[in-house]
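**Student:** There's a structure below that I have some questions on.
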Amino acid sequence: MGRVRAPSFRSWVERALVCVAVVGSAPLSSRGADDRLPQRVEFNRDIRPILSETCFGCHGPDKAKRKADLRLDSEASAFADLGGYRAIVPGDLDNSELYQRITAEDPEERMPPKESGRALSPEQIDAIRRWIEQGAKWQKHWALLAPERPPLPSVQNTTWPLNAIDGFVLAQLEHEGLAPAPEADKTTLIRRVTLDLTGLPPTPAEVDAFLADESPSAYQKVVDRLLASPRYGERMAARWLDAARYADTNGYQSDGERTMWRWRDWVIDAFNHNMPFDQFTVEQIAGDMLPSATLDQKIATGFNRNHRGNAEGGIIPEEYAVEYVVDRVDTTSTVWLGLTVGCARCHDHKFDPFTQKEYYQLFAYFHNVPERGKAIKYGNSPPLIASPTPEQQEQLKQLEATLASAEDDVKVCECELAAAQSEWEKSLDAVHANTWTPAGGLVAHFALDGNPHNTCDTSKGNFKDGKPSFALGQLGMAGEFDGSRYIDCGDAAVFGFYDKFSACAWIEAKGEHGGTILSRMTDTARADGYSLTLEGGKVHVNLVKRWLDDAIRVESEQSLAPNQWHHVLVTYDGSRVADGVKLYVDGRPEPLKVLLDDLNQSFKTSEPFRIGAGGGPEERFRGLIDDVRVYNEALSAGDAELIANLDSISDIAALPAEKRSKPQVHKLRAYYLENQAPEPIARAWRNLVALRKQKAAVVESSPTTMVMQELDTPRDTFVLIRGQYDKPGDRVSPGLPASLPPLPAGAPNNRLGFARWLVDPSNPLTARVAVNRYWQMYFGVGLVKTVDDFGSQGEWPRHQALLDWLATEFVRTGWDVKAMQKTIVMSATYRQSSRVTRALLQRDPENRLLARGPRFRLPAETVRDQALAVSGLLVEKLGGPSVKPYQPAGLWKELADTDYQQDHGESLYRRGMYTFWKRTVAPPAMITFDSSGREACCVRETRTNTPLQALTLMNDVTFVEAARVLAQRIMTEAGAGQSPEDRITRAFRLATARPPRTSERKVLLAGFGEYLRYYRAHKSEALELTSAGESKRDESLDVGELAAYTTVASLILNLDETITKE
Amino acid sequence: MDPYLERELMITRRHFFGRSSAGIGMAALAALLNRELEAADTAASQTGGLDGLPHFEPKAKRVIYLFQSGAPSQMDLFDYKPRLDDCRGTELPDSVRMGQRLTGMTSTQQNFPIAASKFHFAKHGDSGAWVSELMPHTAAVADELCFIKSMHTEAINHDPAITFFQTGAQLAGRPSIGSWLSYGLGSENQDLPGFVVMVSQGTGNPNDQPLYDRLWGSGFLPTKYQGVKFRSVGDPVLYLSNPPGLGDKTRRRMLDDLAKLNTLKLDEFGDPEIGTRIAQYELAYRMQTSVPELTDVSDEPDHIFEMYGPLSRTPGTFAANCLLARRLAERGVRFIQLFHRGWDQHTNLPKQISGQCRDTDQASAALVTDLKQRGLLDDTLVVWGGEFGRTVYCQGRLTADDYGRDHHPRCFTIWMTGGGSKRGISYGETDDFCYNITRDPVHVHDLHATILHCLGIDHTRLTYKFQGRHHRLTDVAGNVVKEILT
């Protein structure tokens, strides 16, 4: 909390008093229902919105659509000589063509033309008239001018304001002849601020403590406590995830899973550590480009990889490569600049000063990511990084230390080992192991020594399409193949695309034909499955779901000489990319040529494992195949070398040490260590091997996360004509729109420079846009209602001075996010009662004047979290993989053939922000309560009120279970009391923070009496009702009574007040 | 009660459930609030949902859209191309293809052999419409139908293409056609949502293209306008049923108490949202009765099931959904959309498409007949079709009995009937290869404009301002196809 630097009340009041004396107030006016036009017309406030809405479509920035060469969005053009006349002549209506045309009687002359569908009201025409009469003073669009810290306005009621916010609000209220509402009662206030800052309700104990604290700083203490709570980070992150279109799936077609929760956790952590907003910005936009970027800074860049990724079979990758960059530009400009820059993708912006060329200059900043248009269907798409969790990082650190010491142990033994081994070698006779190979991971082995059986188990292989045939092989006998016969090995060696495996064989191809060595693949041409084949002398590895567009295919660089024995071994590490396939020929790594690298779905088939066949009758093998081995792990290069070496241990040992080849030395050492070494040495060795495995397991279990990276050589960027990927126009380089400030001198003109420019104090938008969104969180509507559009089509700010004060304050405090939240919630404006009179409701239905406190329904995830918290079911745990709580059965299945595997245990009771978000089938209760769908950036909060919400709250098992557990809580918790009255009061307080009034208590008690009578008489129904959910019913309680309390608890959870912040 | 609050309350209710007179379940609410509420609502039912809508006298009051997801092959069903038999297996001439883009699935294919349909076509009815043997029931009602053979789109892959059909844009984020209508027109039935969706799984290709919530989502419109999915498993509407052990009597009591407490709150705080909430709980309660009533088809006589076919007795099938669609239409639901999956025949087309036709042919035709017999066809527009067409050239191996077809956006066929469309006509033509349109192209935006026109809406004037722009379903395009309208 050290960072919070909100000005104290005292210091503010002192400054306010000074201001009151010296600063006059600017004329202010509401533009509410009873819109009264101000005497003094102001272009930005009164005229620009009219021109933008009505005229800019044809007389605006878009030069392609501009009519009569008249441009009304630029000062120069609006006043220019248009060949003997001017659109606007200040103070001269008769010579202002604009005014003449908008008032013309002749429909041919009259503007706007009828077919435009636009019209000007008499009031609008009058405003334009007066503006011209008053001298037609032009202003640049307000949002593009840097905010200046406004003086505090003078107010009559100097006792009400608590901080600067209140000064601005009160000045306007007084101007409107309104007074602020009284402060909300303490109970309402602590519930409001607790829900707002943490997304969870206060406990009765917290309420009591606050009620009991009569010190002047009581409220501030609560605020400080809440800002220090880790729940604060979760609450703040929830809205940021909407803006960042964060989800757990890729968003197109079958909508496979991705893992971006490391980024989500980074966001929570950043809020909890009160990372300044400028740093928060730079790390998310360009953390990867910071000098010696840390893992966290790289993870942060996931912000601009959260967009959807298309892996559909037939897509044209270039098309989607463009869409991803477009999404980044649009999202970034909405979130930081509040601009609808995306409109300029296809043509110059119709309302704001952005050309199409400028759009693609922005595009260029985000266009250098080494990514492909075709995304990975199941999993993360490159570029991605391994991102071990903090726990895993700690584990790795420890393992590395242990490993180092284990390596030392082995080294210490080294002399001893060499001596002991050489002793042993001398003692070795031919009886000792001959054809030893390491056995770890071996799952199938066909020695082919006269029978086609698997030596690993009892399954039998069968020759098909010909008689069994064997000939002398590399190791005993080998299977003989004639281009027709093959061995059907049954259901062996089953692998899919997440599985690691290795397979190998000795082969001697007869002639040039080659053919399929081994496979688990449909036996038709261009089939699906996996295979190891020899084509034209080259070894091919095929992992195929669909030929051409859903497959990995690689080919050895060198050809194998025919009519000679070769050992071929392939390994696959389950990574689903060609890079994860390795080939070894005769024990040596073989360079590969990648033919296809587009595997998107599993290549698992129900075909048998075949030796000598797969992929159609024409692909049958000709020649000898021997000693086929299959492993369920990706073998190392060392293993490959060992397996390909046929020398017997005793033969190697018999060679003089200096005559042994490297593979021979390795093999002898490996054999000795595994089988013969004296215990201390063997133990040190086993320990080392085990630790290496452990480390590999940790590395492997680390989540990955998608990140931004920069190509070494930037891609060329072109204007795309009509925004189409395949219609490049002029080449452009990265750059900023001319209507915004330039990059600071010396800043690099790249994504990092852009990120820093966003939070440069000269930027007129970023701070305003950010504080406006915060405002929306607390008051339901931004000071600029169009939180996503600060352009000329956006709303004129209702309190521009307040917005600008907040924006400059944000920058002045070093972009201190917690301090800004504190400033808002400490204000008297925020603390007002939310009761509304009929007169005020009619005057200001949306509470834009702020003459009362905010009152609106809780966000979707808070509706859920509160029910869980109130019942005591909530499991609080920061971060981690997303969870799958209850969901009606079959929702995924009926749309997309995938099953929703619901979690159990504590995962059922995590906060809503951790619920697994499948974009194409979003969690239904969340959507019903107006969550954004997470398909695209969403910063505007919307709230509807529908019967589906009622059904969810009444019947969703989440809420029914919460009601039952809440019932158990009030029946058992110490301090809840014994009487129904006490217990119901307790439940009511848990949900609303206040005790029920007498009238309310009467209703609840009467209802309880009836439910109790009913459920006592209908025990089986009581049992059913109280069995909702997976948590266990408290069997020590009378079930009829429990059912009655459950019903009352459910009612309480359904109250309007419960799901409302008031 | 405060008249201002009354009005707010009334308006909000209408947003979700339309604006007809108050239904049965309103009694309790009216008693609690004010009897005038009911009167006000009845009066309000005379006016439109959005001011000034419909723009002109509509021919159609509602739409049933039978969406065939995955893209049915036009040249195997409706667009008869007799000359293809002669060039079966020969390469598609470059002069026809004209270098147009192909999907990533076949763009690297080395040959593009022509796969003539293996199915027989015949002329049907007085109109002489060509329909393949796969669709005997549809053929029998051909005189009722308007075939548009010259549909085209820009998208060549399922997700963007179906999103385009539903929302007028290929990328996610725009409102679906049904939510535009809910927003503009509301619903005629107060107890049911204005936009209902049902999905079914094709037997021809059981693991076919998925669907997505966004296809009936509300995009940037408020979520209350999104389609409500009626399901065949579990609750027909999510969370519709009371939890086990909580009976109707208890629910009623609980809701009465809830209304009392919320009313106390309303009196104290004056926030009209509380009034809306009270009304929504009553509507929810009424849905608990009206929806099961609607989905319980046990009152349908046998001859109806026989007309829709044997599958109509199995919940969740396309045929069962067609029958429900008629019941929804009878109850005045504005936009009813069925999605039938399984039409993506890249390989093994003859077998798969036969299965798809068995799923859909009889029930689609029965729906047309049933609506006509009930006098509903005149003001119900029925549309049948997918998101694009399929290629004349074969994807994968062409054999005597087998072929597959890739995606083809440049031409495809849909049909429509009722609601102001002409019957017994074909509109638009394609070339001999069923590859390019030769006459009267109809773009997706044109179809949208035409559907809105049937409902009395000028598509250029149903707009919603979002991010500074007045958006519409047809973006900046779309022409009403007057030639197919009565």
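Bear in mind that the values in this text are calculations on the coordinates, not laboratory data. These figures come from a predicted structure and were not determined experimentally. Every residue, glycine among them, receives a Cβ derived from its backbone with ideal geometry; neighbour counts consider all protein chains shown.
**Student:** Would you calculate the separation in nanometres between label points at A:Phe718 and A:Thr158, each defined as 7 Å from the Cα along the Cα-to-beta-carbon direction?
**Tutor:** About 6.8 nm, to one decimal.
**Student:** As an exercise, find the ratio Rg/Rh for the protein assembly as shown from alpha-carbon atoms, using the Kirkwood inverse-distance average for Rh.
**Tutor:** 0.99
**Student:** What residues of the stretch A:222-247 lie in the reach of a label at A:Ala209, counting those whose backbone N is under 13 Å from a point 7 Å from the Cα along Cα→Cβ?
**Tutor:** A:222-229
**Student:** Do any of A:Lys582/A:Lys604; A:Lys377/A:Lys604; A:Lys545/B:Lys229 go past 25 Å between their Cα atoms, and which?
**Tutor:** Listed pairs above 25 Å: A:Lys545/B:Lys229.
**Student:** Could you tell me the calculated FRET efficiency between B:Thr399 and A:Asp726, based on Cβ-Cβ distance and R0 = 60 angstrom, to the nearest 0.05?
**Tutor:** 0.95
**Student:** Using a cut-off of 18 Å between alpha-carbon atoms, which lysines can reach B:Lys81, once sequence neighbours fewer than 8 places away in the same chain are excluded?
**Tutor:** Partners found: B:Lys118, B:Lys123, B:Lys149.
**Student:** Now, a different point. When the label point is put 7 Å from the Cα of A:Ser1020 along its Cα-to-beta-carbon vector, which residues of the stretch B:239-259 have a backbone N closer than 12 Å?
**Tutor:** Only B:245 pass the distance filter.
**Student:** Can you order the peptides A:587-595, A:628-636 by their average number of other Cβ atoms within 10 Å per residue, highest first?
**Tutor:** So the peptides A:587-595, A:628-636, ranked by packing, come out A:628-636, A:587-595.
**Student:** Just to be sure I understand the model, the point goes 7 Å from the Cα along the line to the Cβ. What's the resulting A:Ala889 to B:Lys351 distance in nm?
**Tutor:** For A:Ala889 paired with B:Lys351, the spin-label model returns 3.1 nm.
**Student:** Okay, next question. Rank the residues B:His340, B:His408, B:His137 as a footprinting-exposure proxy: fewest other Cβ atoms within 10 Å of their Cβ go first.
**Tutor:** B:His137, B:His408, B:His340
**Student:** Can you list the lysines whose alpha carbon sits under 17 Å from that of A:Lys1002, skipping same-chain ones fewer than 8 residues off?
**Tutor:** Within the straight-line cut-off, A:Lys1002 pairs with B:Lys260, B:Lys265.
**Student:** Right, next: Computed FRET efficiency, Cβ-Cβ of B:Val233 and A:Gln393, R0 51 Å: what is it to the nearest 0.05?
**Tutor:** 0.70
**Student:** Follow-up question, since we're still on this one. Compute the distance from the alpha-carbon center of the stretch A:712-753 to that of the stretch A:585-640, in whole Å.
**Tutor:** Computed from Cα coordinates, the inter-centre distance equals 46 Å.
**Student:** Sticking with this one: Taking beta carbons within 10 Å but only from partner chains, what does the mean come to for residues B:200-211?
**Tutor:** Taking the mean over all residues of the peptide, I get 3.
**Student:** How big is the gap, in Å, between the Cα center of the stretch A:874-894 and the Cα center of the stretch A:926-943?
**Tutor:** Between the Cα centre of the stretch A:874-894 and that of the stretch A:926-943, the gap is 18 Å.
**Student:** State, to one decimal in nm, how far the label point of A:Arg812 lies from the label point of A:Asn451, with both points 7 Å from Cα in the Cβ direction.
**Tutor:** Simple spin-label model gives 9.0 nm for this pair.
**Student:** Right, another one. Could you give P(r) for the stretch A:821-861, binned at 10 Å from zero, as whole percent values over all Cα-Cα pairs?
**Tutor:** Calculated over all Cα pairs of the stretch A:821-861, the distribution is 27, 48, 24, 2 percent.
**Student:** Next question, about the same structure. Do the alpha carbons of any pairs in A:Lys221/A:Lys1061; B:Lys61/B:Lys465; A:Lys114/B:Lys224 sit beyond 24 Å of each other, and which pairs?
**Tutor:** B:Lys61/B:Lys465; A:Lys114/B:Lys224
**Student:** For the stretch A:149-261, what ratio Rg/Rh do Cα atoms give with a Kirkwood hydrodynamic radius?
**Tutor:** Values: Rg = 20.3 Å, Rh = 17.7 Å.
Result for the stretch A:149-261 is an Rg/Rh of 1.15.
**Student:** To the nearest 0.05, what FRET efficiency results for B:Glu306 and B:Arg252 with a Förster distance of 30 Å applied to their C-beta separation?
**Tutor:** Plugging the Cβ-Cβ distance into 1/(1 + (r/R0)^6) gives 0.15.
**Student:** Return the calculated 222 nm mean residue ellipticity for chain B, to the nearest 500 deg cm²/dmol, obtained by summing -39500 (n - 2.57) across DSSP H runs with n ≥ 4 and dividing by the residue count.
**Tutor:** Calculated at 222 nm, the ellipticity per residue is -10500 deg cm²/dmol.
**Student:** Please work out the Cα center distance from the stretch A:781-837 to the stretch A:139-177, rounded to the nearest Å.
**Tutor:** 11 Å
**Student:** Continuing with the same structure: Let me test this: with uniform point scatterers at the alpha carbons of the stretch A:333-412, what is the Debye-based log₁₀ I(q)/I(0) at q = 0.11, 0.18, 0.19, 0.24 1/Å?
**Tutor:** Per q value, in the given order, log10 I(q)/I(0) is -0.61, -0.91, -0.94, -1.06.
**Student:** Still on this structure, I have one more. Nearest 500 deg cm²/dmol is fine: what mean residue ellipticity at 222 nm does chain A get from its DSSP H runs of n ≥ 4 alone, each adding -39,500 (n - 2.57), divided by its residue count?
**Tutor:** When only DSSP H runs of four or more count, the value is -12000 deg cm²/dmol.
**Student:** If you don't mind, another one. P(r) for chain B, please, calculated from all Cα pair distances in 10 Å bins and given in %.
**Tutor:** 4, 19, 29, 24, 14, 7, 3, 1, 0
**Student:** Please compute the length gained on full extension between A:Asn95 and A:Ala1006, using 0.36 nm multiplied by the number of residues separating them and subtracting their Cα-Cα distance.
**Tutor:** 320.2 nm
**Student:** Within the stretch A:661-682, name every residue whose backbone N is under 18 Å away from a label modeled 7 Å from Cα of A:Asp408 along the Cβ vector.
**Tutor:** A:681
**Student:** Taking the number of other C-beta atoms within 10 Å as the exposure measure, put B:Arg326, A:Arg610 in order starting with the fewest.
**Tutor:** Listing B:Arg326, A:Arg610 from fewest to most nearby Cβ atoms yields B:Arg326, A:Arg610.
**Student:** I'm a student and want to see the number: the projected area of the Cα convex hull of the stretch A:511-628, averaged over all directions, in nm².
**Tutor:** Working: hull surface 26.4 nm².
Convex hull of Cα atoms, orientation-averaged projection: 6.6 nm².
**Student:** Give the cross-link partners of A:Lys1019 among the lysines, using a straight C-alpha distance below 21 Å as the criterion and excluding same-chain residues fewer than 8 apart.
**Tutor:** A:Lys1019 reaches A:Lys1032, B:Lys249.
**Student:** Let me ask something else. Across the stretch A:625-710, what fraction of all alpha-carbon pairs, as a whole percent, falls in each successive 5 Å bin from zero upward?
**Tutor:** Bin by bin from 0 Å, the calculated values are 3, 10, 15, 17, 18, 14, 9, 5, 4, 3, 2, 0.
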